[in-house]
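See structure below.
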Amino acid sequence: MGAAALGIAVPGVVTTLGGPAHAGASLEERKLPMRFSWVACPQHCRGWISAVGIVTADSPRDFDDFAHGRQLGGATIVLDSSGGSVNDSIALGRRWRDLGLLTTVGTSMQTHTAQGDRSSVLPEAYCESMCVFLLLSGKTRYVPEAAHVRVHQIWMGDRADDARAASYTAQDLMIVERDVGRLAKYTFDMGGTGDLLSLSLNVPPWEDLHELSREELQLTNIVTTDALAAVLPQTGSPVAPVAELKGKPVPDRFVGSAGETEANPQPQKTTKTAEAMAPSGAVAATVPAK
């Protein structure tokens, strides 16, 4: 979330929570920097954006590069991610809300058949740590039954491997609390509830991530619809993937640095990530926790 396992900033570190679509994105892919790709749907639907991997300091800019020249308003983002930088996830989530995007969890898949290319979304996928807050940014949000949505605390990335044995300064605590506040404001701005923060902040980095039940997905207001068609509608006729923009490029709505912006189909192998920001505003590399 920012500094803690959810993702918070600390001197010399960046707090976090912890690419193109492929069938069954591996655990390794979810641990790579987030990649964005457009999945064309030749028949019966508009298509969607696949977002796979961890959010880093480059992710907001990478998304802007991806969005440039495309009309993405109202499109759907399909997430498969282990989390990432808290502050950069907040910036990215606000960008998605500004575009009125819809969100869901899944693994995008494209297959070639005699009848032509087919695109689909497999429900067996993971949205962990800060990914859950990206999911919350969707104007409409759907989570399939087979998907895994998991939360935990934000923590300093360079100390998440052995959090209880590490040393912490008053500056570290200040940064963590500051980013928890940023995350709380973002959660409420996106329409989430305090229950999401409570469930997340109760899971320390030395424990397994907590997987939200169907009841908790409703309680936290992460899910706003039980209908897949609400985020991936079947139009019944071919639709152009994404039209080219005729006007000026998408403007950059992110603050200059992450420090100034508001952290495998194998359930037992969760990924915890965390990163923190240096006081100068420079962003350090994300350090994944195990």
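With only Lys, Arg, Asp and Glu charged, each at its Cβ (+1 for the first two, -1 for the last two), find how big the charge dipole of region 48-185 is about the Cα centre; round to the nearest 20 debye.
In total the dipole reaches around 540 debye.
Using the alpha-carbon centroid of each, what span in Å lies between region 48-76 and region 142-211?
23
How do Thr193, Thr76 rank by accessible surface area computed with a 1.4 Å probe, from largest to smallest?
Thr193, Thr76
With a 1.4 Å probe and all protein chains kept in place, how much accessible area does Asp62 have, in Å² rounded to the nearest 10?
50
The values are calculated or read from the model by the stated rules, or taken from the named source; none is laboratory data. All values reported here derive from a predicted model rather than from experimental measurement. Backbone-built Cβ (ideal geometry, glycine too); neighbour counts: all protein chains shown. Quick note on the areas: whole protein, heavy atoms, side chains included, nothing else; ligands and nucleic acids left out. Shrake-Rupley method; radii C 1.70, N 1.55, O 1.52, S 1.80 Å.
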